[in-house]
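Chemist: The structure's right below; bear with me while I get my questions together.
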Amino acid sequence: MAYRITDACIACGSCAGQCPVEAISEGDIYEINQDVCIECGACAAQCPVEAIVEE
């Protein structure tokens with residue numbers, strides 16, 4: 001299961017730096033490219049507001 005970023009995202013960027021495949025892109029809230037995500041969970045573990053959930 002791939003991960004997704006919910007509306008709770010505060011756009012701090014801490015998740016993007018943890019992604020080993022650079023699947024996370026910047027925006028008003030960050031987004032995960034489902035085609036690139038390898039489901040490692042590194043981004044979810046780093047999120048300070050728990051805005052990253054499994055699909």
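Chemist: With (1) open to solvent by less than 60 Å² (accessible area, probe 1.4 Å); (2) at negative phi as the list, and residue 26 as the residue in question, which single condition is left unmet?
Modeler: Only one criterion in (1) open to solvent by less than 60 Å² (accessible area, probe 1.4 Å); (2) at negative phi is unmet by residue 26, namely (1).
Chemist: Pairs only if they're at least six apart or on different chains, beta carbon under 9 angstrom, first in region 4-19 and on the phi > 0 side of the Ramachandran plot, second of a type outside the set (Phe, Trp, Tyr) and open to solvent by less than 30 Å² (accessible area, probe 1.4 Å); list them, first residue then second.
Modeler: 13/24
Chemist: Being within 17 Å of residue 50 (Cα to Cα) and open to solvent by less than 30 Å² (accessible area, probe 1.4 Å) is the filter here; which residues of region 9-23 pass it? Spell out the reasoning first.
Modeler: Step one: of region 9-23, the residues within 17 Å of residue 50 (Cα to Cα) are 9-19.
Scanning region 9-23 gives 9, 13, 15, 19.
Chemist: Every residue in region 29-55 that is in contact (Cβ under 8 Å) with a residue 40 or more places away in the chain, farther than 10 Å from residue 2 by Cα and open to solvent by 90 Å² or more (accessible area, probe 1.4 Å), please.
Modeler: 50
Chemist: Considering only region 13-28, I want to know if a residue exists there that is at pLDDT 95 or above, in contact with a Pro (Cβ under 7 Å, 6 or more places away or on another chain) and not small (Gly, Ala, Ser).
Modeler: No, because not a single residue in region 13-28 is at pLDDT 95 or above, in contact with a Pro (Cβ under 7 Å, 6 or more places away or on another chain) and not small (Gly, Ala, Ser).
The values are calculated or read from the model by the stated rules, or taken from the named source; none is laboratory data. Keep in mind the model is a prediction, meaning the values are calculated, not measured. Virtual Cβ from ideal backbone geometry, glycine too; neighbours counted across all protein chains shown. In case anyone asks, the SASA skips ligands and DNA or RNA and just uses the protein heavy atoms, side chains included. Shrake-Rupley method; radii C 1.70, N 1.55, O 1.52, S 1.80 Å.
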